[in-house]
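Here is the structure we will look at.
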Amino acid sequence: MLYHLLSRCILPTHSRGLEVEVVFIDTDYHFDMLRLVSILEARLTSSLPESEVEQVVRSSLGRLSVLHCSSSFQLVLTLHYLEGILCSRPALCLLVIDSISAFYWIDRANGGDSLARQEANLRKCTEILDRLRRDYGVVVFASTHAVMRNYSSSSTASGSSEPSASTPSWKCSSDFDKQYLCRAWQKILTHRLLFSKSDQSGVSEDHKQLFSVACNTVRTKGVHRCVFYITEAGVEFSE
C-alpha cells in the first residue's frame, strides 16, 4: 500500500498523480526501490509511449527522498533536520514513516523500569511531527507493527456479543483499542487504518487476493470498512 501511495503522490499530474515531494523514512530497512519503479512503470505504460516512460519515472523519483534510521534517537535527529528544510521546500507535502514502532522494544529495554525514559524519544518525535503537521501542513502517514492486535476476536466494538469463528479480524473494531505506543502519539492521530489479508475464501472471481481495510477517525468514532485488491496499476476496490 505504501508503494502505491508514494507513486500516486510523486507521479506528474498529466499521469494522474499529485506531483508533490515526499520524504520516506525507512526504519525497518524494507524499502524496495525496484518494486516502486515497477509500479511507476505499470501506471505509465497504459497512458504514455514506451520512449517517455523512463524519463517520467526519473523525474518522479526526483520528488522522493528516502532516509534510513537505525535508532529512535536517529529518528529524532532526522525529524529535526526535516523541520529545518521545510521552509525551503514548499512542494514537500507528505512524510511517510515505516514504521514508527520499529524501536519500541529496544527503547523499552534501554529505558529500564522508568516509563518516562522508555517513551522519551517517541514523545520527542511526536512533538516534532505535530509541529510539522500544524505549522507546515505536512501530511504524516506512519505505519505500526500489529503486535497487540485482538487476534482472539473475543469481543466486538461494543463488547456485548461474541463474533462467529468465521468473522474476519478486521471486522472487530475493538482492534483499534489495542494501542501500545505512548499517549502523546495517540493524541495526535486523526485517522487509523487497520489492514488485513483475507483468507483463501476471500479471493475474487479472477483469483486476485483480496485485502480489507477498516478506517477509524477521531472525530466520527465510527469504523468504515472496504475490501480491495492490488494490481501493478494500482489499488482497485471491490464493490
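The values are calculated or read from the model by the stated rules, or taken from the named source; none is laboratory data. Values in this document were obtained by computation on a predicted structure and should not be read as measured data. When we count neighbours, we look across all protein chains shown, and the Cβ atoms used for this are built from the backbone with ideal geometry, even at glycine. Protein only, heavy atoms only, side chains kept; ligands, DNA and RNA dropped before computing areas. Shrake-Rupley method; radii C 1.70, N 1.55, O 1.52, S 1.80 Å.
Counted residue by residue at 0.36 nm each, then reduced by the alpha carbon distance between them, the extension gain from D130 to M1 reaches 44.1 nm. Surface exposure of segment 1-135, expressed per residue as accessible area with a 1.4 Å probe, stands at 52 Å². Label-to-label distance, S51 versus L210, with points set 7 angstrom from Cα along the beta-carbon direction: 4.5 nm.
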